[in-house]
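Engineer: The structure under discussion is supplied below as structure tokens; questions concerning it will follow.
The values are calculated or read from the model by the stated rules, or taken from the named source; none is laboratory data. Please read these numbers as outputs of a predicted model, since none were measured by experiment. So basically every Cβ, Gly included, is an ideal-geometry build from the backbone, and we count neighbours across all protein chains shown.
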Amino acid sequence: ELEEKLQQPTLRFLRDVVSIISSLFPGSLGRSEEVKCQKPIPVCTDMKMQVCNFSLKTDALEKALRKFRENLQEELGRGEKEELTLDPDSANHLLVLSPDLKSVRMGCRKQELPDNPKRFDTNSRVLASTGFQSGRHYWEVEVGPADGWAFGVARESVRRKGLTPFSPEEGIWALQLNGGRYWAVTSPQRTQLCPQQKLSRVRVCLDYEGQEVSFYDADGMQ
């Protein structure tokens with residue numbers, strides 16, 4: 001009899017089995033009508049589809065972000081890493097360079113330095129001791145706790161004498177912290193940037209042939 005009932009629908013089979021056991025062993029299950037098999041609550045088909053679609057979109061987004069990160073790391077790794085030093089002959093009189101020429105700070109008073117065609121006589125600027133005429137290069141800058149700074153790439157022909165604006169028209173492409181805000185030096189106006197965290201180390205990437213200068217949060221790239 002049980003073999004025949006195995007072929008029945010699940011709910012009907014369970015009810016019949018309970019009835020058979022109750023008849024063979026009175027009182028073992030109590031009154032059969034007290035044993036109830038709850039039907040499963042149906043799930044809306046549209047809800048299933050929405051959950052499925054959301055899961056698929058999330059997986060696709062994660063894969064896309066992972067691929068983008070891999071491509072970015074590969075792209076940034078193509079350039080040659082440079083260890084730059086500063087050119088003391090170009091430094092403004094207010095700037096104080098470290099003995100190893102790898103860092104600079106604003107001094108409290110004007111230094112007595114010889115004038116030469118390379119030195120910035122008005123703007124508080126300094127150039128690197130080497131330049132590039134081809135290829136792809138990158139270097140990293142530690143900005144420290146200073147509340148104002150600017151650095152980037154400049155043409156060798158940038159004007160050194162007199163007050164000159166900080167702009168691409170003057171041959172300067174830079175990242176700037178001013179007034180507690182980060183700015184990209186763009187034309188005709190600066191572009192405000194909103195990094196996710198305070199910048200402490202920035203990677204500067206130069207693609208000479210591609211005529212591109214890029215800035216990245218070096219700590220966020222790890």
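Engineer: Taking residue 92 as the residue in question, decide whether it is over 20 Å from residue 203 (Cα atoms), touching an Asp or Glu at 6+ places or on another chain (Cβ under 8 Å) and surrounded by fewer than 12 Cβ atoms within 10 Å (Cβ to Cβ).
Structural biologist: no
Engineer: Go through (1) in contact with a Gly (Cβ under 8 Å, 6 or more places away or on another chain); (2) loosely packed, with under 14 Cβ neighbours inside 10 Å and name the single condition residue 144 misses.
Structural biologist: The failed condition is (1).
Engineer: Only residues that are surrounded by 14 or more Cβ atoms within 10 Å (Cβ to Cβ) and modelled with pLDDT of 65 or more: list them for the range 54-84, please.
Structural biologist: 79, 82, 84
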